[in-house]
Amino acid sequence: MDLLDDSVVPEHARSVKQEAREFAAEHIAPNAEEYYDSGDYPWEVLEAGMDAGLVAQDIGEEYGGKGYDLAQILAIAEEFYRADAGIALTLQLASFGCEMVEQYGTDEQKEEYLRPVAENDQISGLGVSEPETGSDLAGMTTTAEKVDGGYEITGEKYWVGNAVEADWLTVYAKTGDGDDRYSNYTLFIVETDSDGYEAEHIPEKMGMRASKQGHIVFDDCFVPEENVVGSEGGGFYVLADFFNHGRIVVGGHGLGLAAAAIEEAEEFVHGRNAFGRTVNEFQAVQHTLSDMRIGFESARALNWRACEKVADNEDAGYWAALAKTKSTEVATDCAEKGMKLHGGRSILTDRRIARVYRDVRIPVIYEGANDIQRNLIYRQSR
Ligand SMILES: Cc1cc2nc3c(=O)[nH]c(=O)nc-3n(C[C@H](O)[C@H](O)[C@H](O)COP(=O)(O)OP(=O)(O)OC[C@H]3O[C@@H](n4cnc5c(N)ncnc54)[C@H](O)[C@@H]3O)c2cc1C
């Protein structure tokens, strides 16, 4: 039975899902182990993804992309993450932050910054988190001070995908000190070759090693006035809206990873013998596999329902948080169970199940840690 079957996927997203599946089988899965081991940035796979028209294509047709909608990006995510989460993250982050420029940016910004990303000549990133603050979006301390003709950014960002590799980033910085702490932030387009921008990779990670995050130090980094995205003071609200879309896709990261864990566990138990039979014949093993399926199917149904709700902007924050939390936690549960079913072989680092086990630790954190999602669910359900 096809775990990621397309019956739950809206019809318009099915063909790109199939393309993503074929691409993942040919380019992502076969390279997963090598890039995990080396921890190198998977430029070759990224370029192949660009050639296949599967990178940065959520950008609208008027700026050179294909205008893929949320359902299409979610469909791609499920397929890519099943094949390998590290490479998948690199492919999907190549246009990170662009959505906000597309929705709130000026025509000039879209021409100058979105088009090269959509045409795969440049890659982008999003710089929000800081060394001392991650969850509290209204507590970030990197500041953008108004100067003649623009702003000077000073401070640090941490965990930023493509901080070293990107051509430009959307950066979230403090521009005010008012009592309403949510209205003190602004988004800026920052070119990574600007004076006062220095980035280096963060230390090696235990999972998703084929994706690269960086630590940025801004030292009076000048950004011209015309690079403000949206309005001064509106950054928090733009970001919150953006995260609703992102969390649906991160749910897809969890679904892909959960599918990988289930596939791997099912294959293993049907080939492994103990007590004169294959281990899948033991009822305890069957029940474990059934529990994995129950979790997976519940998460997938919820995630696709939430996708529709967020696309229609109906209680988007609530549905996005539900989907992100459920799907990423089902992934951790399936990985844990998959490890158990592999016995001693689970801990061999070259096993796919071991890679999945390491990778599932990550989507429960990024795009807002799951405890933060629970805060949002409670608040928005009242
Ligand atoms: C692989 C990876 C890629 C990333 N990519 C990016 C990127 O491209 N750009 C970017 O800006 N950031 C990125 N991040 C950062 C990510 O968004 C943050 O790590 C995340 O928001 C959590 O922030 P933190 O690590 O500072 O945790 P903290 O905020 O320090 O929280 C630690 C823990 O405390 C608990 N906690 C904190 N506050 C609350 C609360 N109010 N209620 C309940 N519990 C709470 C939670 O359990 C939480 O997990 C990435 C992170 C990772 C791991």
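Taken as a whole, the structure places A94 among residues that are within 23 Å of V238 (Cα to Cα), touching a strand residue (DSSP E or B) at 6+ places or on another chain (Cβ under 8 Å) and of a type in the set (G, A, S).
Any residue at all in region 311-332 that's over 22 Å from the mean Cα position of the chain (by Cα), surrounded by 20 or more Cβ atoms within 10 Å (Cβ to Cβ) and more than 16 Å from the ligand (Cβ to nearest atom)? Scanning region 311-332 turns up no residue that is over 22 Å from the mean Cα position of the chain (by Cα), surrounded by 20 or more Cβ atoms within 10 Å (Cβ to Cβ) and more than 16 Å from the ligand (Cβ to nearest atom).
For region 152-168, how many residues are in a strand (DSSP E or B), near the ligand (Cβ under 10 Å from one of its atoms) and among the aliphatic types (A, V, I, L, M)?
Going through region 152-168, the residues in a strand (DSSP E or B) turn out to be 152-161, 168.
Within this subset, residues satisfying the condition of being near the ligand (Cβ under 10 Å from one of its atoms) are 157-161.
If we keep only those that are among the aliphatic types (A, V, I, L, M) as well, we get 160.
So the answer is 1.
Mind listing whichever residues of region 240-277 are of a type in the set (S, T, N, Q) and in contact with a helix residue (DSSP H, G or I) (Cβ under 6 Å, 6 or more places away or on another chain)? Result: N244, single match. For first residues located in region 342-370 and on the phi < 0 side of the Ramachandran plot and assigned to a loop (DSSP other than H, G, I, E, B), partners that are modelled with pLDDT of 95 or more and near the ligand (Cβ under 9 Å from one of its atoms) and lie 6+ apart or on another chain with Cβ distances below 6 Å form the pairs R361/G207; I362/G207; I362/M208; V364/N370; A369/S135. Please pick out the residue among R115, R181 that is more than 9 Å from the ligand (Cβ to nearest atom), under 30 Å from S15 (Cα atoms) and surrounded by fewer than 20 Cβ atoms within 10 Å (Cβ to Cβ). Matching residue, one of R115, R181: R115. Residues in region 175-211 that are within 25 Å of E102 (Cα to Cα) and either of a type in the set (D, E) or touching a Lys or Arg at 6+ places or on another chain (Cβ under 9 Å) (or both): T175, N184, Y185, T186, E191, D193, S211.
Which of the residues belonging to region 74-112 are small (G, A, S) and within 16 Å of the ligand (Cβ to nearest atom)? Break it down into steps so the answer makes sense when it comes.
Start the filter on region 74-112 by keeping residues that are small (G, A, S), which leaves 75, 77, 83, 85-86, 88, 94-95, 97, 105.
Answer for region 74-112, where residues must be small (G, A, S) and within 16 Å of the ligand (Cβ to nearest atom): A77, A85, G86, A88, A94, S95, G97.
Per this entry, V279 is counted among residues that are over 14 Å from V250 (Cα atoms), buried (at least 18 other Cβ atoms within 10 Å of the Cβ) and either in contact (Cβ under 8 Å) with a residue 60 or more places away in the chain or more than 20 Å from the chain's Cα centre (by Cα) (or both). Every condition in (1) within 16 Å of the ligand (Cβ to nearest atom); (2) crowded, with 18+ Cβ neighbours inside 10 Å; (3) polar (S, T, N, Q) is met by Q380 except one, and the failing one is (2).
Filter region 223-240 for residues that are farther than 19 Å from D107 by Cα and surrounded by fewer than 19 Cβ atoms within 10 Å (Cβ to Cβ); which is farthest from the ligand (Cβ to nearest atom)? It would help to see each step written out before you state the result.
First, pick out the residues of region 223-240 that are farther than 19 Å from D107 by Cα: 233, 236-237, 239-240.
In the following step, the residues that additionally are surrounded by fewer than 19 Cβ atoms within 10 Å (Cβ to Cβ) were identified as 233, 237, 240.
On the way: G233: 19, Y237: 17, A240: 13 Å.
The residue in question is G233.
Annotation note: of E204, E152, E165, the sole residue that is in contact with a helix residue (DSSP H, G or I) (Cβ under 9 Å, 6 or more places away or on another chain) and more than 18 Å from E367 (Cα to Cα) is E165. Those helices (runs of 4 or more DSSP H) of region 1-104 in which at least 2 residues are more than 25 Å from G127 (Cα to Cα), considering only elements entirely within it, cover 14-23, 32-38, 43-51, 70-83.
Exactly one residue among T192, T186 is over 20 Å from P363 (Cβ atoms), within 14 Å of the ligand (Cβ to nearest atom), in contact with a Phe, Trp or Tyr (Cβ under 9 Å, 6 or more places away or on another chain) and of a type in the set (V, I, T), and that residue is T192.
The values are calculated or read from the model by the stated rules, or taken from the named source; none is laboratory data. Note that the structure is a prediction, hence the values are computed from the model and not measured. Glycine gets a Cβ as well: all are built from the backbone with ideal geometry, and neighbour counts include every protein chain shown.
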